[in-house]
Each structure stands twice: as C-alpha cells, then as structure tokens.
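Let me begin by presenting the structure, written as structure tokens, before commenting on it.
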Amino acid sequence: MKNHWDRDSVFNDSLNKIVDFTFDDKVAKVFEDMLHRSIPGYSTIIGNIGTLTKRYARPGSNLYDLGSSLGAGAIAMQNNLSVPNCTIFAIDNSISMIRRCRSFLKNTSDQNIHLICSDINNIVIKNASIIILNFTLQFIPLDLRDNLIKNIYNGLLQGGILILSEKITFEDEKRDERQIDRYYDFKRKNNYSELEISQKRDALENVLIPEHLEMHFSRLKSAGFINIDQWFQLYNFVSVIAEK
Ligand code: GEK
C-alpha cells in the first residue's frame, strides 16, 4: 500500500518486554498509516461520517469527535457542513495526538474545529446534533462506559445521532477465532509481519477491551437511544448509528 504518511514501524523490532500500548509521540507520528493499515474499512467509515453530517447536522448546534486522534472525523464533519453556526469539538486525552492534530489544522482551512485535550469522561456535552465515538469507547474502562453513553445521550438534541465504531468480539468462540484470523490476513496483506501482529496484540491486551455487539446495542437502548442501526461491518470491526 503506497501513501504519503510516515510508515508505522512501532512494533517492527523484537521487544524484550511488551509494555501497554499508549498514544504517545511515537504512535502519533505514524498514526494515519497505523489507522489505515490496521482498521478494516477505516476510510469508508470516515467518508460516511461526512455523508451523515449532511443529513443530521442542525443549524447552531455542536458536533463532537470524541477520541479524535488526528481529527479525521472532525475534518470529515467540517468538510460536509451545509448548515450555519455549528461548532465542532475534537477531544482527545493524548497531548501527542492533540499537538499533531493542531499542526495539521494550522495548514488547512479547518479553523472552526476546537481542539481540546481532555478525558472524554470529564466533559460537558450539550446542544449536540452529531457525536462520534470512532474506535474510542473500546479504550474506556468497562465500568465507565455506561455513564459515558448516558452523558452523550443527555447532551444530544432530539433527532441527534451518535456514530459508534468499535472492534468487537463474538459470543461463539469459533466465530470469534474465524473473524480474528480473517482480520490478521487483512494486516498481513497490509504488510504487517507476524512479529508486529503478535507484539501489538500483546501491547493492546489490557488497553483495548472489545465487547459483543449485543452489549453495545443493550447499552445504547438502556441510555434511551432509538433506531439503532448497524450500518458497517468488516470482520470484527463494526459501526452503528443510534438516534435520540
Ligand atoms: C479516528 N477517532 O481517526 N479521553 C479522550 N480520548 C481518549 C480516551 C479518553 N478517556 N481514551 C482514549 N482516547 C479516531 C481514532 S483511536 C483508535 C481513535 C485506535 C483516545 C486516544 O488517545 C486515541 O487518540 C483515540 O482515543 C483512539 O477516527 O487507536 O484504534
């Protein structure tokens, strides 16, 4: 795969000790490459965040990209906004991601995106027509997930949406294994070595905690969401739209 990004080689060399994955400078520097080579359908999902923005953004409302990393979701919303007086918030608790995102935005016309370095569990969400959690909830401690989803629901306007994308697990063990094997083939095709795949898996083990799709649906329902539609799946990666 050819692109103009710095190549992700974070797990290229054999490591004596695998430490938990963090979103530090080393990761932020190669993150576009990492996302595109590691998340099946990543660009399709970002493209559809743009498409959904056209339908759901309300004049004078706030749009949130939670766990925004380098701002791909926020930029997709910004580029597809066709109603006036909206404010976009891109929020991440990694200062490395925020700094790098800020330096990108400086060179573009995306001046209306407000970048905030904060834990998304501690923010006030209000007057929102669109909220994105694009592969972020999976990094939130399990015991905080219900509250975060409730907070998101409460901050949405009637008719507003949450776009939730996640890596998932399957209840049936064999099915889980099959989908993981297919996912590793996707990584191999994108030129990750066996060593990179296994070292990254170990580094993520305590950090990225995937859940069943049924769990996500039931959490969204309990918070009050309606019209919960899964619109995307590629192997063990899914995306869901839920309406208030
Ligand atoms: C994209 N959405 O390009 N508060 C704020 N940010 C957090 C927290 C937290 N508690 N925990 C993790 N993060 C992006 C991709 S990456 C997905 C999202 C991945 C942030 C973390 O710093 C990282 O930037 C992001 O969530 C997850 O569409 O790496 O698989």
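The values are calculated or read from the model by the stated rules, or taken from the named source; none is laboratory data. Bear in mind the structure is a predicted one, so any value in this text is a computation, not a measurement. Reconstructed Cβ throughout: ideal geometry from the backbone, glycine too, with neighbour counts over all protein chains shown. SASA here: full protein model, heavy atoms, side chains in, ligands and nucleic acids out. Shrake-Rupley method; radii C 1.70, N 1.55, O 1.52, S 1.80 Å.
Counting only helices (runs of 4 or more DSSP H) wholly contained in the stretch 33-113, the ones carrying 3 or more residues that are at pLDDT 95 or above occupy 42-56, 72-79. May I ask you to list the residues in the stretch 123-141 that are in a helix (DSSP H, G or I) and more than 8 Å from the ligand (Cβ to nearest atom)? The answer is Leu137, and nothing else.
Which members of the stretch 211-233 meet the condition of being at negative phi and open to solvent by 40 Å² or more (accessible area, probe 1.4 Å)? Answer for the stretch 211-233, where residues must be at negative phi and open to solvent by 40 Å² or more (accessible area, probe 1.4 Å): His212, Glu214, Met215, Phe217, Ser218, Lys221, Ser222, Ile226, Asp229, Gln230, Trp231, Gln233. Filtering the stretch 142-172 to residues that are near the ligand (Cβ under 10 Å from one of its atoms) and open to solvent by 10 Å² or more (accessible area, probe 1.4 Å) leaves Leu144, Lys167. For the stretch 73-114, which positions are closer than 24 Å to Gly47 by Cβ, in contact with a helix residue (DSSP H, G or I) (Cβ under 6 Å, 6 or more places away or on another chain), within 12 Å of the ligand (Cβ to nearest atom) and open to solvent by less than 30 Å² (accessible area, probe 1.4 Å)? Once the filter is applied, which keeps residues that are closer than 24 Å to Gly47 by Cβ, in contact with a helix residue (DSSP H, G or I) (Cβ under 6 Å, 6 or more places away or on another chain), within 12 Å of the ligand (Cβ to nearest atom) and open to solvent by less than 30 Å² (accessible area, probe 1.4 Å), the stretch 73-114 yields Gly73, Ala76, Met77, Ala90, Ile91, Asp92, Met97.
Close Cβ contacts (under 8 Å, 6 or more residues apart or on different chains) running from residues in the stretch 224-242 that are closer than 15 Å to Tyr183 by Cβ to residues that are buried (at least 18 other Cβ atoms within 10 Å of the Cβ) and acidic (Asp, Glu) comprise Phe237/Glu166; Val238/Glu166.
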